[in-house]
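The values are calculated or read from the model by the stated rules, or taken from the named source; none is laboratory data. Since the model is a prediction, treat every value here as computed from it, not as a measurement. Here the Cβ positions follow ideal geometry from the backbone for every residue, glycine too, while neighbour counts run over all protein chains shown. In case anyone asks, the SASA skips ligands and DNA or RNA and just uses the protein heavy atoms, side chains included. Shrake-Rupley method; radii C 1.70, N 1.55, O 1.52, S 1.80 Å.
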Amino acid sequence: MRRTARAAIYAGLALGALVMVFPFYWMFVSAFKTTQEINRFPPTWWPGSFRFDNFVVAFQKSPFARYFVNSVIVTASCVTCTGFTTILGAFAFSRLRFPGREVVFSLLLSLLMIPFEMVIITNYTTIIQMGFNDSLPALILPFTSSIFYTYILRNFFLTVPDSLYHSARVDGASNWRFLWRILVPMARPSLVTIMLLNALVSWNSFMWPLIVIKTTANRTLPFGLYAFTTESGSNPELMMAASTVVVLPMIVLFLFARKSIVNGVARGGMKG
Amino acid sequence: MRVELVHITKRFGSTVAVDDFTATLADGQLIALLGPSGCGKSTLLNLLAGIIPVTGGRARFDEDDVTSWPPERRGVGLVFQNYALYPHMTVAQNISFPLEIKKVPKPERVRRINDIASMARVEELLDRRPDELSGGQQQRVAIARALVKQPRLLLLDEPLSNLDARLRLEMREEIRRVQRETGVTTVFVTHDQEEAMSISDQIVLMRAGKLQQRDPAQTLYHNPVNRFAAEFLGNPPINQIKGRVENGLFRTREGGVGIPLPINAACGNRPAILAVRAESFVLDEGGFPCEVAELFEIGKEEMASLRVGGAVVRAYLPLEGRSGKGDTVRVRLKPRGVFLFDEKTGERL
Ligand SMILES: Nc1ncnc2c1ncn2[C@@H]1O[C@H](COP(=O)(O)OP(=O)(O)OP(=O)(O)O)[C@@H](O)[C@H]1O
Ligand SMILES: [Mg+2]
């Protein structure tokens, strides 16, 4: 009885995994097919021969290398800045005592209710006034802090016992030292998770670049891919090759970070 | 370093955790801060470390008024009840942390870590992380970390409370040894009177945020200023009999025999408490009579419960083989370990 139940659960999970993974698989194998093969019916599950030329052609038709570099710059900048402000904010809202701390924090939290789409116009006019329209800073500046991540990290910081803070202060550490030498290393699993989510959102960001970027050379990958669908004509295999380039870095990043998250969770904990 | 506390007060909202505390702690001594749970010991320690600000009063370290100094300026070493080791660092990194912050150069750092590690006997543990250590090992690491920066003052907040009885005894000796070797002025918080008596040069006795008495253990034991001090020290607890003094005799409240007092008691006729330590009874044919209620042996000691008037007291008496339960024996009181307290105020009479 229990065994059949278990089997049913695993079957369900396997099915779910398959549904999730299949589009990626299809994208990946299609990226290596020839035009004839991709239009064949019934479709083939595995390319007859691997055609790496698809990538070369795609990169020639559209400046994907440029898009890629832009995406890397934007994502790295956003993640770095957001990470930095998140850490400082979380520390201030968990450890420092200043008048109005709770009120300010509640106000910030209530801002979470406002969807990004609502402030797009405000952000757009701000960016134009700052003179950053149609440039990479326009893609970075609005995303250099996050209330949500600050909230998550603050909650972690609150679980760190006061005695560690006091101990560090008595050991001669300033607030700044305590933050970077004790709190941040202890929060590594949370931080990695936060930065990963942040990287993903930033990497996949589409709407905002579409609005502020005009010049081809300043496009990021998702925008570039979107443009490519019209520019490439109807060549699905080139589309798939380009999509693979967009998706692959995030998958690799996840695989690396996963290890770090698991390691981090196993550490920590204090006896006594 | 000499520590001077002058009218130190700390309030948390309406609770007064430390109340007008004035005391001087002499240089190089090991001082036990003793008192029941919640009497403000940890608060006082945190005030000394500068972790929390005082509500009123001044603190002086030697000539410096440190009242408003932040913790990092005070040069104190602090060991918390839960040790507060940094969980993501190895033992060596933990001990090294205060030195790194002081920007001690690497070679000297390594030398000092090794020195202190061998003194605290944690050399073999240097590469482990705190979660791979036993309670006693964590404590030694915490002490090593507190001492490595050569603090002017070492503060220990109930460092032994997480350890089992044997380890406690052992670590007690360790702390004493380390303190002697370094000569650092040390304040050791405990609510265990025996611990305080066995390791300290001075005991500072606290109750409800107030200083009761500051004296060496023996003085405190033999010359308590009030009933609380007499009660708090000594095992078995001091015997207490309610009554009043009449013509040099102590009459229990229930009446009965008068107990001849070996001490001068000019206290009029007010209600008083006669407190007698268990070792202050001696058998004496000329003494007052009491009935043996029970006989015990505790280790090598013989102890008897005696009925005196309506009260029952415990006394160390060599009755084995001479008297049994129900017999009447005659005893007198030694002058040492006998005190009279005002029943209302608890003050010594
Ligand atoms: N941060 C705080 N906020 C409010 N009240 C506090 C705070 N810290 C301590 N107190 C109160 O101050 C009093 C003294 O506390 P303290 O921790 O100094 O006692 P203690 O002598 O160390 O007790 P224990 O032996 O149980 O550790 C207690 O009544 C406690 O409730
Ligand atoms: Mg305490």
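The residues of region B:154-178 that are touching a Gly at 6+ places or on another chain (Cβ under 7 Å) and more than 9 Å from every other protein chain (Cβ to nearest Cβ), listed by number, are B:154, B:163, B:167, B:171. Only one of the listed residues (B:240, B:212) is in contact with a Leu (Cβ under 8 Å, 6 or more places away or on another chain), within 16 Å of ligand 1 (Cβ to nearest atom), open to solvent by 30 Å² or more (accessible area, probe 1.4 Å) and modelled with pLDDT of 90 or more. That residue is B:212. Looking across B:77, B:50, one residue alone is of a type outside the set (D, E, K, R) and on the phi > 0 side of the Ramachandran plot. It is B:50.
Quick grid of which residues meet (1) more than 10 Å from chain A (Cβ to nearest Cβ); (2) under 14 Å from residue B:154 (Cα atoms):
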| residue | (1), (2) |
| --- | --- |
| B:50 | no, yes |
| B:57 | yes, no |
| B:62 | yes, no |
| B:75 | no, yes |
| B:78 | no, yes |
| B:82 | no, no |
| B:99 | no, no |
| B:104 | yes, no |
| B:109 | yes, no |
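Among the residues of region B:129-143, those identified as of a type outside the set (S, T, N, Q) and within 12 Å of chain A (Cβ to nearest Cβ) are B:129, B:130, B:131, B:132, B:133, B:135, B:136, B:141, B:142.
Among the residues of region B:21-36, are any out of contact with any Cys (no Cβ under 7 Å at 6 or more places or on another chain), open to solvent by 50 Å² or more (accessible area, probe 1.4 Å), within 16 Å of ligand 2 (Cβ to nearest atom) and in the same structural domain as residue B:80 (by TED's automatic domain parsing)? Within region B:21-36 (the criterion being out of contact with any Cys (no Cβ under 7 Å at 6 or more places or on another chain), open to solvent by 50 Å² or more (accessible area, probe 1.4 Å), within 16 Å of ligand 2 (Cβ to nearest atom) and in the same structural domain as residue B:80 (by TED's automatic domain parsing)), the answer is no, since none of the residues qualifies.
Evaluated against (1) more than 19 Å from residue B:141 (Cα to Cα); (2) among the hydrophobic types (A, V, I, L, M, F, W, C); (3) away from ligand 1 (no atom under 16 Å from the Cβ), residue B:34 falls short on exactly one condition, (3). Just wondering, is there one or more residues in region B:243-256 that are touching a helix residue (DSSP H, G or I) at 6+ places or on another chain (Cβ under 7 Å) and away from ligand 1 (no atom under 16 Å from the Cβ)? No, that holds for no residue.
The condition (being more than 27 Å from residue B:205 (Cα to Cα), in contact (Cβ under 8 Å) with a residue 12 or more places away in the chain and of a type outside the set (Ser, Thr, Tyr)) is satisfied by just one residue among B:313, B:329, B:276: B:329.
Which of the residues belonging to region B:37-56 are away from ligand 2 (no atom under 11 Å from the Cβ) and either open to solvent by less than 30 Å² (accessible area, probe 1.4 Å) or without any contact (Cβ under 8 Å) to a residue 24 or more places away in the chain (or both)? Answer for region B:37-56, where residues must be away from ligand 2 (no atom under 11 Å from the Cβ) and either open to solvent by less than 30 Å² (accessible area, probe 1.4 Å) or without any contact (Cβ under 8 Å) to a residue 24 or more places away in the chain (or both): B:47, B:48, B:49, B:50, B:51, B:53, B:56. Considering region B:15-115, the qualifying helices (runs of 4 or more DSSP H), each wholly inside and each with 3 or more residues that are within 23 Å of residue B:228 (Cβ to Cβ), run over B:41-49.
Among the criteria (1) out of contact with any Asp or Glu (no Cβ under 6 Å at 6 or more places or on another chain); (2) on the phi < 0 side of the Ramachandran plot; (3) not charged (D, E, K, R), the one residue B:40 does not fulfil is (2).
Count of region B:87-96 residues, restricted to those that are at the interface with chain A (Cβ under 9 Å from one of its Cβ atoms) and crowded, with 24+ Cβ neighbours inside 10 Å, is 0.
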